[in-house]
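Below: the structure, in structure tokens.
All of the numbers you see were taken from the coordinates with simple rules; none came from a lab. Bear in mind the structure is a predicted one, so any value in this text is a computation, not a measurement. Methodologically, a virtual Cβ is constructed for each residue, glycine included, from the backbone with ideal geometry; neighbour enumeration extends over all protein chains shown.
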Amino acid sequence: MPAYTSINSEILSKIKEAVGTDAVIQDPEKLIEFGKDAAEDAHIPDLVVEATSARQIQKLLRLANRHCFPVTPRGLGTGLAGGSVPLFGGVLLSLAKMNRILAIEQDNLIAVVEPGVVTLDLQNAVKEKGLFYPPDPASLDTCSIGGNAATNAGGPACVKYGTTRDYILGLEAVLPSGEIIKAGVRTRKGVVGYDLRHLLLGSEGTLGVLTKLILKLIPLPQAITTMVAFFPKLTSAMESVTAMLIRGHVPCAVEFLDDRCLEITKDMLPFKEAQSAKAMLIIETDGVQDVIERQMEAIGEICLECSATDVIMAPDSLKRARIWEIRRAVSLRIEERFPLFLHEDVVVPIGKIAELVGGLRGLEEMYGMNVYSYGHAGDGNIHVNITAEDPKNRDRIEEGIKDLLRKVLSIGGTISGEHGIGIAKKRFLSMELSAESIRIQKAIKDIFDPNQILNPGKIFE
Ligand SMILES: Cc1cc2nc3c(=O)[nH]c(=O)nc-3n(C[C@H](O)[C@H](O)[C@H](O)COP(=O)(O)OP(=O)(O)OC[C@H]3O[C@@H](n4cnc5c(N)ncnc54)[C@H](O)[C@@H]3O)c2cc1C
């Protein structure tokens, strides 16, 4: 890392001249909230710039190169890997005010947005025009489209619809040099040159600042229906997931809760079947009403064939909302209950979920931790919540996490499916990527950002 210059009064006045005094926040009280995300501890920035245009960002990044100070992009700070934490101080660049939906083109099924648009606001706006933007991170009412693009966010709908990356046709970005580039297209297809769009997407704000996104939309499904199924063992639940997918029933969500997660949400579960169950699936299908009804019947049959003790339909929106409330409550309850709570979001091949989750009990004994697992059974993305009564156990638990990640990799998985590497997981990067792969990735970073001014200290040790 270079020796960064602190933001002295000369640099400060140049920044104010470049972006306008109104865009700058210096109040120490206000800076605190920009120093952390939803997971990582605070590193307070020297100042915040609230950008409203790509031109301001261009000028800011040119100054950063000239004076060698770091700039960290931030959407709405809900990240779970510390990606928007300004590790070396400097300028925190907030994109929250670039929050306009610039166009929704019904005929072309696209939307053009600024990065600070809240994901749920976009979903609602396109819905009014009979269109659908599927990516649905659980944080969708509090996170931004720019943050989703920078982390390639996913959610329950991924099993049918894919992740954020699959809905970004084109983009505008300000590179660390201050150059403004367009990448990708505004059409359904496009293969001209190397795909810089996909290089920038998921790069966690280390290669460029996303300032405009062209999004692919699809027609809004007519109807949606929900079901819960209870199982005596996790393996039976996972067998039913594989069976429904193989037989051609692709739900728009298949979420699972293990026995531990059921235990801590028992009071919220309005089903007596839940009291003795060891695993629960939440399954949703969307599409044409009578088609999804038939599909749900078939999926219910498959669950029963795989030893489900009960299958309960929740066709109306009220029941549906109650079921999702339970799913969302799990992580909050775990966090409330344990003084030490660490969160991994590994992915394994779908057929290996039960093997991984089943094997966690062995790790608990070995490393003195309690593990709660839930997540996206449809795509193998498991939220492994590692807890301990005694925070002093952290070192031992760190070894347990490494063991977990080794197991994930040995069965063909990956160490992060949604949250990214940021600060939180960079020490594990070399467990998954070869030295040569890391060398090439660092060389790409050097081409984009030779002075290391954009979001330094992220992804790579
Ligand atoms: C309760 C809860 C539930 C969550 N559920 C999910 C989930 O289901 N799926 C999932 O994927 N994630 C989930 N997350 C994590 C988080 O919401 C996502 O990573 C989200 O995409 C972050 O968006 P943000 O606007 O808050 O970005 P931030 O946290 O502000 O930033 C995240 C990263 O993106 C970069 N960045 C942000 N905006 C830009 C930009 N315009 N240009 C370049 N880089 C930028 C930042 O530098 C940082 O590296 C959850 C978080 C919480 C707190």
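The alpha carbon centroids of region 120-163 and region 171-211 are separated by 19 Å.
For the chain, the 222 nm mean residue ellipticity estimated from helices alone, with every DSSP H stretch of n ≥ 4 adding -39500 (n - 2.57) and the total spread over all residues, rounds to -10500 deg cm²/dmol.
Centroid-to-centroid, using Cα positions, region 4-62 and region 90-106 are 16 Å apart. When the Cα gyration tensor is reduced to axis lengths a ≥ b ≥ c, the ratio a/c stays below 1.5 for region 116-175, which is therefore classed as rounded. How would you classify region 383-439 from its alpha-carbon gyration tensor, with a ≥ b ≥ c the square roots of the eigenvalues: rounded for a/c under 1.5, else prolate if a/b is greater than b/c, otherwise oblate? Verdict is prolate for region 383-439. DSSP assigns beta bridges within the chain; of those with both partners inside it, close to 85 percent run antiparallel.
The residue among Ser410, Ile326, Leu200 whose Cα reaches farthest toward the positive pole of the charge dipole of the chain, with charges on the beta-carbon of Lys, Arg, Asp and Glu, is Leu200. Each 10 Å bin from zero up to the one holding the largest Cα-Cα distance in the chain carries the following percent of pairs: 4, 20, 28, 26, 16, 5, 1, 0. For region 223-330, the gyration tensor built on C-alpha atoms gives an oblate shape. Its axis ratio a/c (a ≥ b ≥ c) is at least 1.5, and a/b is not larger than b/c. Around the Cα centre of the chain, unit charges on the Cβ atoms of Lys, Arg, Asp and Glu (plus for the first two, minus for the last two) sum to a dipole of about 1120 debye. In sequence order, region 56-70 has phi-based couplings of 4, 5, 4, 5, 4, 5, 5, 5, 4, 5, 5, 9, 6, 10, x Hz under the Karplus curve 6.51 cos²θ - 1.76 cosθ + 1.60, θ = phi - 60°, and Gly or Pro positions carry x.
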